[in-house]
């Protein structure tokens, strides 16, 4: 830059004794500011923009929330975003659309004044080309550089939100000051004696004693630019002042309208009772949200789900959020990997130097062969050095290959740590998360550990080196050649990167449409293949062909758009670079012909420009890759932000021994504050007893199990096991004493032995066999071709329902808990299988406390205690006989309905048998034998006899094979006492096959003490 100034402001004498300018100080100030102005404005904008982004970034960390939670390995977890009232600081001073348009048009006017200055210079040079007039390097740098900077300001005004920002204000203010100084210096030079500059001779032009018409036009445009900059600063200040005044007035008005009971009293959908932060608290979430989740039709998707649009985080928010990944990425405990990282960075820096040495060495060889430095000779050493540089250059060179090999263990370490940590974290989340999650989205988010690696590798080894190469190239051309070449590189880089980013963003929507069309094509194809039989049933082959043909056409149209947009982007990119290369080549060729440069310098220029084009060509790919990986890794970040709602309290203790006493003391709980699930539930289970929970759906039976297993926390009341509050016990130790046999047993797609040992990894084979014998499944397993090594299939689908239930019981026996929870374990089984399951459950219940959820009351008649739940409360309690004695009670009503349903099922079965007999008789009417002489008659006689017995008051035997029966007359008495009106619809549903008959239920004769026979 010193050369630029001294070449144009040196006080050399020409044309006699007169200096070529009368005011050298003003000219020195003018040229210094012209060179510094665009660089200073750009740097100032970047700095203020950075500071503004940091200050106005969303604060995810709320110091008033719960203390920091630790994830896998003791590493901190990011805090979850909390919707705070009021707009962000950045959005608080966002301007309305008309005001934004005003700023944009005024900024466009500033840009137009610079374009006008450039036009004046070009026209002036063309008009006075005979005098070889040229403005010089300093004005050229100022005009072209300032045009690029103000174009950048205009782009940020249009693209960014909010805009304009404080960064624009500071830059406009500083630009206004410099423009005022420069116009003053211009007047100081142009109004006194001065000589106009010429090409390569700033002192050899015509002497001017006053301002020329060209200088008047230049100063006029400068003055208009000052007025526009002053308008930008004034408008911004005025609008911010007006907005601040308006907000103050609105705040005062709102305060006057605030209700006296606004402190949470009478608030709609208020907080649920219970301690702050407990499950069910709204936590001050807006819109009546419960548990921190919004409710309603416009519920926002979870952050870890696949986004439907590009994220709106700022760069600082990304950096601050991704800082949570540092403990998983940086190998803090592995010195060898740290050395690898340092060596990789060193290799990248060395490669940047080689990028400069390769074109330089090519120029040395060219000068030697052209005889620029003396006689022509064979440059063996220069060529050998050039080849050596090329061997180490680029990603495919030796240094690039070494860097890739050294980076592999670092990449594997970070992927392993991130993936395992995310997997562990999801398993540690509460049931609330897993019930509301989309499994596919969670699995997709879990697999984004590689995306973060790719993102970091692209930034570290592709984008940053490319930007460093561009910066080094600008400095190299400024020092080695002159400012024109550095200016060309800067302009080409600016427009190339801007066009690439804009077109890449435009192509993102086109690529998304093509991806969706491709998925739709696959969906049509798969759907049609899976529905092959349906297509044949309805002769719909032609329809399917046309549907698939249309899907293929839709994809091809989208694919054409992707290909065309890519070709267009590559063409525009190449055109921008070629324009810069043409300008640089013309300048260099001219300087070679005038002996300013050597031939080797021209070769250096071409070689260096070609090297720069390679990374720039891939910048669009890098940008899209970085954007996609950033979005994907953000999904993993949001998954890490999901915190468990049920965790161990700080003073929780281990639960070492368990007797099995269970107490619920006035327990209240709700999944949604607007609809309670449990309302003051109170009961006690003595150790070693069996308690059944019955009632209508939604009465709270499953909630009792979930609370006891610590899937949720109670909102009020306490749950105690052996006198210990469950919330004061460590969750793992509590669950180790509880066994669960669910209604639908889910098995891993592994062997039976693997699934059985899952309850206790240290169990021996003999213990496994003994448990299977107790569950009546051992002989069945040995009957399989592979025995205990049999694969059970996905979710255990290769096993029948009864086999899976017995495997679940065997696993519970292996776990050997003191408390067992049975969640309708036999509901979906046939009667014979249910008998075997009930026998296994009776063995399992010996010496253990058992809680049973049942809808088929015949399975719980022997329970020590039956609780009838209704709307979250215990409506009735007692034994089977005691509850039947309450003729108007809920349990007795449910029992009568099931008896009626069983009678309807028996009648339907009898009618079916009679219809089958009549059908057989009609088919064999031509060859009927005499009565009593054949087997068919014996069967018929037997059936008739059964019917007669039934009519005479015979016994209806239970399907369960019980020896005791219930007389039909007693059944009739029970049914007569029931005033229900649902018998006929239920009977018709049973006959039509729409309702499955429950297992037989028998109203037993009550013995002494009001208990059924056989009851202790």
Of the residues 607, 563, 594, which is surrounded by fewer than 18 Cβ atoms within 10 Å (Cβ to Cβ), assigned by TED's automatic domain parsing to the domain that holds residue 372 and at pLDDT below 85? 594
So, of the residues in region 512-525 that are in contact (Cβ under 8 Å) with a residue 40 or more places away in the chain and buried (at least 18 other Cβ atoms within 10 Å of the Cβ), which turns out to be nearest to residue 613 (Cα to Cα)? 514
What tally of residues in region 228-243 results from selecting those that are exposed (fewer than 15 other Cβ atoms within 10 Å of the Cβ) and more than 41 Å from the chain's Cα centre (by Cα)? 2
Looking only at residues that are part of a loop (DSSP other than H, G, I, E, B) and over 19 Å from residue 432 (Cβ atoms) in region 653-679, which one is nearest to the chain's Cα centre (by Cα)? 654
Test result for residue 738, at pLDDT 90 or above, surrounded by 18 or more Cβ atoms within 10 Å (Cβ to Cβ) and over 17 Å from residue 854 (Cβ atoms): no
Can you name the residue in region 331-344 that is touching a residue at least 24 places away in the same chain (Cβ under 8 Å) and in a loop (DSSP other than H, G, I, E, B) and, of all such residues, is surrounded by the fewest Cβ atoms within 10 Å (Cβ to Cβ)? 334
Please give the number of the condition residue 650 fails out of (1) without any contact (Cβ under 8 Å) to a residue 60 or more places away in the chain; (2) touching a helix residue (DSSP H, G or I) at 6+ places or on another chain (Cβ under 8 Å); (3) in a loop (DSSP other than H, G, I, E, B). (2)
What are the residues in region 620-645 that are crowded, with 18+ Cβ neighbours inside 10 Å and outside any helix (DSSP H, G or I), if any? 642, 643, 645
Only one of 612, 597, 606, 581 that is outside any helix (DSSP H, G or I) and under 18 Å from residue 362 (Cβ atoms): 597
Would you mention how many residues in region 129-172 are over 24 Å from residue 243 (Cα atoms) and not in a strand (DSSP E or B)? 24
It is to be established whether one or more residues within region 680-697 are surrounded by fewer than 19 Cβ atoms within 10 Å (Cβ to Cβ), under 32 Å from the mean Cα position of the chain (by Cα) and assigned to a loop (DSSP other than H, G, I, E, B). no
Here is a check on your reading of the model: is residue 721 more than 28 Å from residue 835 (Cβ to Cβ), touching a strand residue (DSSP E or B) at 6+ places or on another chain (Cβ under 8 Å) and crowded, with 20+ Cβ neighbours inside 10 Å? yes
Scan region 886-915 for residues that are in contact (Cβ under 8 Å) with a residue 40 or more places away in the chain, in a helix (DSSP H, G or I) and loosely packed, with under 14 Cβ neighbours inside 10 Å and jot them down. 907, 911
When you go through (1) at pLDDT 80 or above; (2) on the phi > 0 side of the Ramachandran plot; (3) surrounded by 15 or more Cβ atoms within 10 Å (Cβ to Cβ) one by one for residue 871, which number turns out not to apply? (3)
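Residues are listed down the side, and each one gets a yes or a no for (1) under 29 Å from residue 715 (Cα atoms); (2) in the same structural domain as residue 707 (by TED's automatic domain parsing):
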site: 839; (1), (2): no, yes
site: 846; (1), (2): no, yes
site: 851; (1), (2): yes, yes
site: 856; (1), (2): no, yes
site: 865; (1), (2): yes, yes
site: 871; (1), (2): yes, yes
site: 880; (1), (2): no, yes
site: 903; (1), (2): no, no
site: 908; (1), (2): no, no
Per the filter on region 836-868, residues closer than 19 Å to residue 815 by Cα, at pLDDT 85 or above and not in a strand (DSSP E or B) are 848
Got a sec? Which of 602, 618 is in contact with a helix residue (DSSP H, G or I) (Cβ under 6 Å, 6 or more places away or on another chain) and more than 30 Å from residue 429 (Cβ to Cβ)? 602
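The values are calculated or read from the model by the stated rules, or taken from the named source; none is laboratory data. Computed from a predicted structure; not experimentally measured. Backbone-built Cβ (ideal geometry, glycine too); neighbour counts: all protein chains shown.
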